[in-house]
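This report refers to the structure that appears directly beneath it.
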Ligand SMILES: [Zn+2]
């Protein structure tokens, strides 16, 4: 069954109504700022907007333009994220500005989606202002941020702001179940591992590699308390290998895409695809490490809600035996200390500490809490 592209979004009637109307009445703004919490569907909405602009039927969801924009493989849809350690690079922004002024390849428009635009700062931001204010007529820029206050006022003031509301967990779960046929428990666990981001949860359920990685993380957490130091180091290494393994799935999908396209591609277009593939692999690797953190965090939260006598709030039902055992002895301050270890690991990785070191330190800290849980 095919869906109209706007059906990918749930719980955003106002934001989507606004965007649909803009497309249908030909009043699409040249620059949008999509603001809303993680998992509210900002990126899916940006992709849907691109479909609607590329498609002859305002986003039918079934034509080649819609299918490719949705899959992120349309040459006129550019998904951009910060290439620097903590922010967008000036060189990166200059390259984009140059690209913005080239004609679209296939579609009547080009769409640039900037993820995490709170990280567009100082020089890089200044370099982009003029383009943001007056892009070519066939260009639409969509900036994405979790929090309006993170975005520089000079950037935000040049955009039409569209706000996305948090999606109720029940709504998100229902959509994941509808799209994947997963059980309630599986959908819940996948959403917890994906920080509530619906497309990521759906992809996880469809990826054997990512499901294995999740199981491996839970396996280590269950055994953590009895491991010695050497075991912990080995476990950290094994987990990182496990979360990176699904990269092979991405690689094989990419090889298929290139094979399919090779016959009618010019050399330039092929190298663009290769560049995009490289970015996708880096993003997948980063996402794998994030998932490791998110699964760990949700498992610890499960221990905490069990300790507080609310088992109905447990997200990882398949690990409930171990959680229940720990919950009997776990104090709230101890649980919070363990959760802090995850937060520290996340920020270390954001600031370029090696994932291996960050994960090792996190596992040792959690182990200490689990050994002395009162
Ligand atoms: Zn279409």
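Each value in this text was obtained by applying a stated rule to the coordinates, not by laboratory testing. In this text, all values refer to a predicted model and were calculated from it rather than measured experimentally. Note: ideal-geometry Cβ built from the backbone for every residue, glycine included; neighbour counts use all protein chains shown.
Odds and ends about this structure:
- Directionally averaged projected area (the chain, Cα convex hull): 18.8 nm².
- Contact order relative to length of the chain, as percent, for alpha carbon pairs under 8 angstrom and 6 or more apart: 15 percent
- Centre separation in Å (Cα based) which lies between the stretch 119-181 and the stretch 45-66: 18 Å
- Alpha-carbon Rg/Rh ratio, for the stretch 315-374, with Rh computed the Kirkwood way: 1.04
- Contact order relative to length of the stretch 238-312, as percent, for alpha carbon pairs under 8 angstrom and 6 or more apart: 45 percent
- Whether the stretch 1-68 is rounded, prolate or oblate, judged on the alpha carbon gyration tensor where a/c under 1.5 counts as rounded: oblate
- Taking Cα atoms only, the orientation of helix 184-193 departs from the longest principal axis of the chain by about 80 degrees.
- Taking every Cα-Cα distance in the stretch 5-163 and sorting them into 5 Å bins from zero, the calculated P(r) comes out as 2, 10, 20, 23, 22, 15, 7, 2, 0 percent.
- Relative contact order computed over the stretch 208-371 (Cα-Cα under 8 Å; 6+ residues apart), in percent: 27 percent
- Grouping the Cα pair distances of the stretch 116-185 into 10 Å bins from zero gives a pair-distance distribution of 17, 35, 20, 19, 9 percent in increasing distance order.
- Nearest 10 degrees, 0 to 90: helix 122-133 Cα axis against the chain principal axis: 40 degrees
- Between the beta carbons of residue 226 and residue 94, assuming R0 = 56 Å, the FRET efficiency works out to 0.55 to the nearest 0.05.
- Ratio of Rg to Rh over the stretch 208-371 (Cα coordinates, Kirkwood Rh, two decimals): 1.10
- Result for the chain in a Gaussian network model with C-alpha springs under 10 Å: among 215, 317, 255, the largest mean-square fluctuation is at 255.
- For the chain, the longest principal axis of the alpha carbon atoms and the long axis of helix 42-54 meet at an angle near 30°.
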